[in-house]
1. Say whether the condition of being more than 19 Å from B:His23 (Cα to Cα) and small (Gly, Ala, Ser) is met by at least one residue in the stretch B:41-58.
2. Going through the stretch B:265-284 one residue at a time, which ones are at the interface with chain A (Cβ under 10 Å from one of its Cβ atoms) and either over 18 Å from the mean Cα position of the chain (by Cα) or more than 19 Å from A:Asp327 (Cβ to Cβ) (or both)?
3. Mind checking which residues of the stretch A:331-356 are more than 7 Å from chain B (Cβ to nearest Cβ), buried (at least 19 other Cβ atoms within 10 Å of the Cβ) and assigned to a helix (DSSP H, G or I)?
4. Is it the case that B:Ala125 is crowded, with 18+ Cβ neighbours inside 10 Å and either among the polar types (S, T, N, Q) or part of a strand (DSSP E or B) (or both)?
5. Quickly run through the stretch B:18-40 and pick out the residues that are at the interface with chain A (Cβ under 10 Å from one of its Cβ atoms) and not small (Gly, Ala, Ser).
6. For B:Val193, are the conditions met, namely being modelled with pLDDT of 95 or more, within 21 Å of B:Asp364 (Cα to Cα) and assigned by TED's automatic domain parsing to the domain that holds B:Glu366?
7. Can you tell which of A:Ala99, A:Ala66 is more than 14 Å from chain B (Cβ to nearest Cβ), in contact with a helix residue (DSSP H, G or I) (Cβ under 9 Å, 6 or more places away or on another chain) and farther than 29 Å from B:Arg329 by Cβ?
8. Is at least one residue of the stretch A:82-95 in contact (Cβ under 8 Å) with a residue 40 or more places away in the chain, touching a helix residue (DSSP H, G or I) at 6+ places or on another chain (Cβ under 8 Å), within 30 Å of A:Met21 (Cα to Cα) and not polar (S, T, N, Q)?
Number of protein chains: 2
Amino acid sequence: MDERTGLPVVGMVGAGQLARMTHQAAVALGQSLRVLADSADDGAALVAHDVVVGDYRSLEDLRAFAVGCDALTFDHEHVPNAHIAALEADGVTVHPGAAALVFAQDKAEMRRRLSTLGVPCPRWAPIESRADLEGFAEQGGWPVVLKAARGGYDGKGVWVVSSLAEAEPVLASGTPLIVEEKVTIVRELAADVARSPFGQGAVWPVVETVQRDGICVEVLAPAPDLDDETAEQAQALALRIAQELGVTGVLAVELFQTADGLIVNELAMRPHNSAHWTIEGSLTSQFEQHLRAVLDYPLGATDQVAPVVVMANLLGGPDDVTPKGIDERVHHCFAHWPDVKIHLYGKQFRPGRKVGHVTALGRDLETVRRRAHEAAQYLMFGDMGLGDASATAARHG
Amino acid sequence: MDERTGLPVVGMVGAGQLARMTHQAAVALGQSLRVLADSADDGAALVAHDVVVGDYRSLEDLRAFAVGCDALTFDHEHVPNAHIAALEADGVTVHPGAAALVFAQDKAEMRRRLSTLGVPCPRWAPIESRADLEGFAEQGGWPVVLKAARGGYDGKGVWVVSSLAEAEPVLASGTPLIVEEKVTIVRELAADVARSPFGQGAVWPVVETVQRDGICVEVLAPAPDLDDETAEQAQALALRIAQELGVTGVLAVELFQTADGLIVNELAMRPHNSAHWTIEGSLTSQFEQHLRAVLDYPLGATDQVAPVVVMANLLGGPDDVTPKGIDERVHHCFAHWPDVKIHLYGKQFRPGRKVGHVTALGRDLETVRRRAHEAAQYLMFGDMGLGDASATAARHG
C-alpha cells in the first residue's frame, strides 16, 4: 500500500508497451505502477514514476523489486517459472502464479493440459528426435508446423516446414520443439477474458485478429459476421480455460476458426495486442481490468461503446523516421484523421517492430477499417498506400 | 523534443489533478509530461516520470523548468502574469500566453474586455471604495456579488452580500474586488473549446454544471433539454472568445442560462472540471486536446460517444478515510457499479476537497445520473445516501 494514498502498489515485471498502457490505467485508480525495466529507455520507464532497472532473470532483483508491492504481475512471459514459484514461497502475491503461467510459457505443457481438459487443439506432439517428427508427419502428411516450446512471439519461433530436410536447421538448433498439424483456417479470432483470484470472470466481445507474416496487424471488434453460437462458445471456452488453469489477470485465447469449429492456437496471460481496442472501445480497458484482477478488485463492465472498433498496429517501416520525422507525421495524421486515436510506445521505429497502434470507432466496418488502416500506413510509411511488402519496396526504391 | 522518441516535451506548471490527467493523455501521444510540482507528493508528481519540484512564483524556477520544453502550459492560473511575459520574451513557447491568460487571472480585466466585445456579462463594476459599492447597489439593489479580482476558485473569493454592513469585512480585507449583480439563473452551463496557435478551434457539446456551495458537484453532457439554438449560441460564443482573446489550449466558458439568454460567468484557460467527462465520453478528451493545442497539432474530433455522460466530483466527506479506508470503498464501489469509471487524484480526503471524480455513460439520463451520484456518495461517505449536508451530518452524528 502506498501510505500517502491508501491505495495498492502493483509491480509489473517488464517495462514495454503493456506496462506503459497499464500505468495509464493505474493513474485513474489512484495508483502509480512500479515497473522493473531492462533499461531506463524502455517505453514504460519513460513515463512511469516508480521505475526500477534490473534483470528479470535474477531472483535477487525480482525479490528486491517485490518489496512493498501488493501484487506482482508481468509485461511478458520470460521470467523463469522457478523464480515466480520462489517469490510465491516467500509470500509475495503474484498474478498469474507460477502454476498457471507455465501454460503460457511452455507450449508442450499448454497442449498437454488443454488436451486433458478436452479443449480443441491442433493435433500435436512433443519432438525429442527426428523420428518423432517423421512419425508425426507420416500420420498427417507435410507440411507441419514446428514451434519452439518456449520464448517465441509474433511469429518468431514458428516454422512451417514441408519436409524433413526443411526441418533440419530447426532440429539442429537444439531448441526444444513441438510439432503441430498445419490447420486450414477460415480466420483467426481471439477471446479475451479476465479472472480475479476470488474467481470472478469477465469477457470482452470476441474479435477477429488479422495476421501478416505471423504478426497481428489489425483487430476487428466484434469479429465481423460471427454467429452468436460460435461467439458464445469462444467466450465460454476462454472463461473455462481461465478457471481450469487458475489464471489471474487477463487471459488472451488466440483461436483458429475452421470449417469444423474453433481450435485453440495460443494462450497469453497478460494484457494482449488483441485487446488494445478496449482502451477506447470498451467500458473497461484490458489494462484497468488486469489491475482490477491482480488486486482482486471486482471486475469492470466490458460493454463495447461503439458498434465497430478497429485497431491497427504500427509496425516500423523499412526506414527509421525516429527521431526526426515522426512528429511531422503525427501532425499530418491528426489533420487527416481527427477521429483516429494514436498510441505511440516511445520506441525507435525498427522495421517490423511494433511501435504503437491506432484505434478507430464507428458504425460502418468498411469505413472504420479503412480509416484505421490508412492512418497506420501514413504514420509508418508517410503515405496512404496499401503498404504490402512489394509496394513498400517499390516506393522506397 | 525528446531525442529518444522524436516527440515533443510539454511542461506543465503545477502538478495537481489536471497535470495528472494530462500526463495520462501525453503517454498515448508518445510523450511524457514534465511537471513543476510544489511538492513531491502532488497528485501528478506521484505518477509522472519527469518531475521538477519548484516554486511557480519564482521566475528563476520557471526559467529552469522551461529548458528543453517545446511548450509550457498551466495546471492553474496562479503564475504571475509578468513571469509568463518574461518567459515569452526569453523565447519560450507558452500557451496560453500572458496576453490571453490575464483574462483568466483578473476578473476586472476579463469583464472589461468581454464588455468591449459585446459579450453578455452580468452588470459589474470595479470596486475601489465603499462609495463604488454603494453606487452600484443603488442602481440595481441588494444583494450583490463581491468577487476577489484575483486568485478565487471553487466558490472561494466569492461573497453574496445583502448590505454595506455585510460587505464590510470583505472590503476591509484589502483584496482587490469587483462587484456584480446577482443574476437570477435557470441553471449553469459550460461551453468548453480548444484553440490552437494556428487558429483552429474545436468545441465539445455544451454541458450543464450542477453547483453546490459554489463548487461543481456534477456535470451532465449534453446539457439536458437544451434547445439547439441556445447550444449553438453558447458554442459560437466560446469559440469567439477564444479567438478574440487569443487563447491557446482549452478554454472553459462558464455560463449562466437566464430567462433572457446566456451570460458569461467565468473563464478558465486550462483543462477544466466541466470537461472531465470527455475522458470516456468524447472521442478526444480535453487533456489530449489541450496537448494538441499547445503543441499546435491539428485538433481531435469531439463527438460524444454515448447519448448521456454524467460526471460526479468526489468531494471529501466529513472524515478523512485515507489512507486506511479508501481501498475497501473502491472494492465495494467496483462491485456495485461495474460500469462506473473511477478517477482518484492521489490526494488526502479533506472535507470538501476535490479528490477525484466518477463518470457514467448510457442512454437514460435519470439512470446514468443516479449511478454516478450513488457511486460518488459511496466513495466519499461509505453509503449511498443523498449526501446533502444535513443528512450527512446526521449520519456522522
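1. yes
2. Filtering the stretch B:265-284 for residues at the interface with chain A (Cβ under 10 Å from one of its Cβ atoms) gives B:279-281, B:283-284.
Residues satisfying the conditions are B:Ile279, B:Glu280, B:Gly281, B:Leu283.
3. Matches in the stretch A:331-356: A:Cys333 only.
4. When the stated conditions are applied, B:Ala125 passes them.
5. Matches in the stretch B:18-40: B:Arg20, B:Met21, B:His23, B:Gln24, B:Val27, B:Leu29, B:Gln31, B:Leu33.
6. no
7. After ruling out the rest, the residue left standing is A:Ala99.
8. Checking the stretch A:82-95: at least one residue is in contact (Cβ under 8 Å) with a residue 40 or more places away in the chain, touching a helix residue (DSSP H, G or I) at 6+ places or on another chain (Cβ under 8 Å), within 30 Å of A:Met21 (Cα to Cα) and not polar (S, T, N, Q).
The values are calculated or read from the model by the stated rules, or taken from the named source; none is laboratory data. Note that the structure is predicted; figures quoted are calculated from it, not measured. Positions of Cβ are generated from backbone atoms using ideal geometry, with glycine treated the same way; all protein chains shown enter the neighbour counts.
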